[in-house]
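Peer 1: This is the structure, below, for whatever I ask next.
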Amino acid sequence: MAEPTKFISAAINSAKVVLFTKPGCPYCSMAENVIKKYPVQGGVKVVDISSVQNCSQIQDELGKMTGARTVPRVFINGSFVGGGTDVESLHKTGKLQAMLDA
């Protein structure tokens, strides 16, 4: 069983864009579909936390880190940027491209 803080930290550091998701989540799909519109140097990692044994503890830790334990939780360059609607908003305002280029 992965220790939640280490699991999250390792995932965040493994790619430029990291999405913590669960299958069947419409907001997760929204965030993934927006990110797929961009060529991302440094990679995109989608972490399905439902497949991890201590999923609830990981969500609790993400909640402490980000202010909410809902999915998706999206990180760019190691920084939390929000959930599905936040990513969609960043895309619509043109701010997402700058974040991905940084």
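Peer 1: Those residues that are over 13 Å from Pro4 (Cβ atoms) and without any contact (Cβ under 8 Å) to a residue 24 or more places away in the chain, I need them from segment 47-65; list them, please.
Peer 2: Ser51
Peer 1: With the requirement that a residue be of a type in the set (Val, Ile, Thr) and touching a Leu at 6+ places or on another chain (Cβ under 9 Å), what does segment 71-102 give you?
Peer 2: Val71, Val74, Ile76, Val81, Val87
Peer 1: Considering only residues of segment 31-58 that are surrounded by 18 or more Cβ atoms within 10 Å (Cβ to Cβ) and touching a Ser or Thr at 6+ places or on another chain (Cβ under 8 Å), which is farthest from His91 (Cα to Cα)?
Peer 2: Once the filter is applied, the top-ranked residue is Ile49.
Peer 1: Residues being under 13 Å from the mean Cα position of the chain (by Cα) and modelled with pLDDT under 95: count how many of those fall in segment 1-29.
Peer 2: Residues meeting the conditions: 0.
Peer 1: Going residue by residue through segment 73-89, is there one that turns out to be in a helix (DSSP H, G or I), aliphatic (A, V, I, L, M) and modelled with pLDDT of 95 or more?
Peer 2: yes
Peer 1: A further question on this structure: Identify the residue in segment 1-30 that is in a strand (DSSP E or B) and of a type outside the set (Val, Ile, Thr) and, among all such residues, is surrounded by the most Cβ atoms within 10 Å (Cβ to Cβ).
Peer 2: Phe20
Peer 1: Going through segment 59-71 one residue at a time, which ones are assigned to a loop (DSSP other than H, G, I, E, B) and out of contact with any Ser or Thr (no Cβ under 8 Å at 6 or more places or on another chain)?
Peer 2: Gly67, Ala68, Arg69, Thr70
Peer 1: Taking into account only those residues within segment 75-99 that are more than 14 Å from Cys28 (Cα to Cα) and touching a residue at least 60 places away in the same chain (Cβ under 8 Å), which is nearest to the chain's Cα centre (by Cα)?
Peer 2: Among those residues, the one meeting the criterion is Ile76.
Peer 1: Among the residues of segment 59-74 satisfying the criterion of being of a type outside the set (Lys, Arg) and closer than 11 Å to Ala31 by Cβ, which is surrounded by the most Cβ atoms within 10 Å (Cβ to Cβ)?
Peer 2: The selected residue is Pro72.
Peer 1: Please go through (1) in contact (Cβ under 8 Å) with a residue 60 or more places away in the chain; (2) of a type in the set (Val, Ile, Thr); (3) touching a helix residue (DSSP H, G or I) at 6+ places or on another chain (Cβ under 7 Å) for Ile12 and return the number of the only condition it doesn't satisfy.
Peer 2: The number of the failed condition is (3).
The values are calculated or read from the model by the stated rules, or taken from the named source; none is laboratory data. All values reported here derive from a predicted model rather than from experimental measurement. Glycine gets a Cβ as well: all are built from the backbone with ideal geometry, and neighbour counts include every protein chain shown.
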